[in-house]
Amino acid sequence: RWVPVGGGAIQDVRHLVGALDQATSIAEIGTEVYPDLMQSDSLVHNSEVDLDQLDGILTSLDQAGQHLHAAVDDLEAVEGNTPFIGDKVLEARDQAWDKIEPISTTYDEAEPVLDALPDVLGADGDRTYIVAIMNPAEQRYSGGATLTLVPMTMSDGKVEFGDTVTNQDIVAGGTEKLKWPKVKGNPFHTPGKRVVMSATFSPYWSQSGEELLRAWEARFAQQPDGVIAVDLQALARLMELTGPVEAEGVGQLDSSNLVKVLAGSYDFYDSEEERRAINRAVVPAFREKLFQGGQFAEKFQVLAQAAKGRHFAMYFRDERLQQAFHQRGLAGDLSDTGHD
């Protein structure tokens, strides 16, 4: 180590061995966590998340993250400046970095969401959300018209859905137009009274989500904590994973016919009552496919992929939760480029 010129190679090799040791620890934790995370049907069962099991998984993932950061530190410390063997050392470092860097990037994006997950699931107090199911037949920048809304409460991991509300329900009783405070910076909020469906014109769900919550408060005098927006394409992707459902008045819905049947309801069904029944049929499909039958991690991966195409988004009034899901690309906002 202390030999002039050549001693640096010893330090570099020690860092490479240290990175390998940390990577081995990550792999050991992964083999322990994988069955609980990817193969267990007990993590989410009967619309309830086992928070104790989830806590054990999150603790293991946090330990893996510490090893991951240590491996990154070791690789970044490799200098590769020793004569004759420096190039070989740098080549070995680069090969290791190609394996570690994608894992590190993914973990850093996911870590805030993992930390926020128990809070989202109501571990520290009840959380109420509005599930907004969008029909892309009515095109708008946010992804579609929110024709079906349902309140959802999460309490200590248990999920409970309220009554499904369609647009026809909202306008019933002479309350077709409402007035609510404008979200700052939203150019799509026009003065005066507006229909609730117009709340989600903005392509930024941090605006559309808050507008929708304010409209919901004006109509139902409730103050939810956030919005979960999902469109028919995302539901169809879930069905590719989990299989079909039977919907009352519609028949069997699966990944091949869901979008056609529901988005095409304007053509297939003449009366508003029939279309209302179609819209209501979507909620049980969402509830059954997301919160029953296991495969929770795979379902989240499906929705995360759908979010890249703006088919799924989450908005939270809690700034910490909002930032966590924004960093993971799940907040439904446009990118921060100058000319999106």
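The values are calculated or read from the model by the stated rules, or taken from the named source; none is laboratory data. Remember, predicted model here, so these are calculated numbers, not experimental data. Backbone-built Cβ (ideal geometry, glycine too); neighbour counts: all protein chains shown. These area figures cover heavy atoms from the full protein model, side chains too; ligands, DNA and RNA do not enter into them. Shrake-Rupley method; radii C 1.70, N 1.55, O 1.52, S 1.80 Å.
Largest first, what is the accessible-area ranking of Tyr204, Tyr141, Tyr34, Tyr315 with a 1.4 Å probe? If you can, show how the numbers build up before the last one.
On the way: Tyr204 80, Tyr141 150, Tyr34 120, Tyr315 25 Å².
Most to least solvent-accessible, the answer reads Tyr141, Tyr34, Tyr204, Tyr315.
Over all pairs of distinct alpha carbons, what does the Kirkwood formula give as the hydrodynamic radius of the chain, in Å?
Details: mean 1/r = 0.0445 Å⁻¹.
About 22.5 Å, per the Kirkwood formula over Cα pairs.
Carbon and sulfur atoms: what percent of the 1.4 Å accessible area of the chain do they account for?
Working: 8520 of 17070 Å².
After summing per-atom areas, the C and S share lands at 50 percent.
Rank Ile133, Ile85 by accessible area, highest first, at a 1.4 Å probe radius?
Numbers: Ile133 5, Ile85 80 Å².
Largest accessible area first, the residues go Ile85, Ile133.
Rg and Dmax of region 109-183, Cα atoms, in Å?
Spelled out, the Cα radius of gyration and Dmax of region 109-183 are 15.9, 47 Å.
Between region 298-340 and region 18-57, what's the alpha-carbon centroid distance in Å?
Cα centroid of region 298-340 versus Cα centroid of region 18-57: 24 Å apart.
Counting only heavy atoms of the protein chains, get the accessible area per residue of the chain (1.4 Å probe) and round it to a whole Å² value. Don't skip to the answer; put the middle values down first.
Details: 17070 Å² over 340 residues.
Ligands and nucleic acids excluded, the figure is 50 Å² per residue.
Given labels modelled 7 Å from the Cα in the Cβ direction, how far is it in nm from Leu90 to Asp41?
5.5
Give me the base-10 log of I(q)/I(0) for region 17-114 at each q in 0.20 Å⁻¹, Debye formula, one uniform scatterer per Cα, rounded to two decimals.
These q points yield log10 I(q)/I(0) values of -0.98.
Tally Lys and Arg at +1 and Asp and Glu at -1 over the other residues with C-beta under 13 Å from the C-beta of Gln305: what net charge comes out? Provide the component values of the computation, followed by the final result.
Numbers: positive: Arg237, Lys299, Lys308, Arg310, Arg328; negative: Glu240, Glu298.
Cβ neighbours under 13 Å give a net charge of +3.
If we count every other residue with Cβ under 13 angstrom of Val196's Cβ, Lys/Arg +1 and Asp/Glu -1, where does the sum land? Write down the numbers at each step before the final one.
Values: positive: Lys177, Lys179, Lys193, Arg194, Arg214, Arg219; negative: Asp169, Glu176, Glu211, Glu217.
The answer is +2.
Can you grab the distance from the C-alpha centre of region 86-110 to the C-alpha centre of region 208-268, Å, no decimals?
41
Beyond a 30 Å Cα-Cα separation, which of these cross-linked pairs lie in this structure: Lys193/Lys299; Lys182/Lys308; Lys99/Lys308? Walk me through the numbers before you get to the answer.
Details: Lys193/Lys299 39 Å; Lys182/Lys308 27 Å; Lys99/Lys308 24 Å.
Where the Cα-Cα span goes over 30 Å, the pairs concerned are Lys193/Lys299.
Name the residues whose placed amide hydrogens come within less than 5 Å of the amide hydrogen of Lys158, ignoring near sequence neighbours (fewer than 5 apart) on the same chain.
Residues meeting the criterion, in which the H sits 1.01 Å from N, are Val49.
Below 8 Å, C-alpha to C-alpha, sequence gap of six or more: please give me the relative contact order for the chain in percent.
On the way: 533 pairs, mean separation 62.1, N = 340.
With pairs under 8 Å counted, the relative contact order is 18 percent.
Springs between alpha-carbon pairs under 10 angstrom, Gaussian network model over the chain: which of Arg214, Arg194, Arg328 fluctuates most?
Comparing Arg214, Arg194, Arg328 in the GNM, the peak value goes to Arg194.
Determine how large the accessible area of Trp97 is when every protein chain is in place; take a 1.4 Å probe and give Å² rounded to the nearest 10.
80
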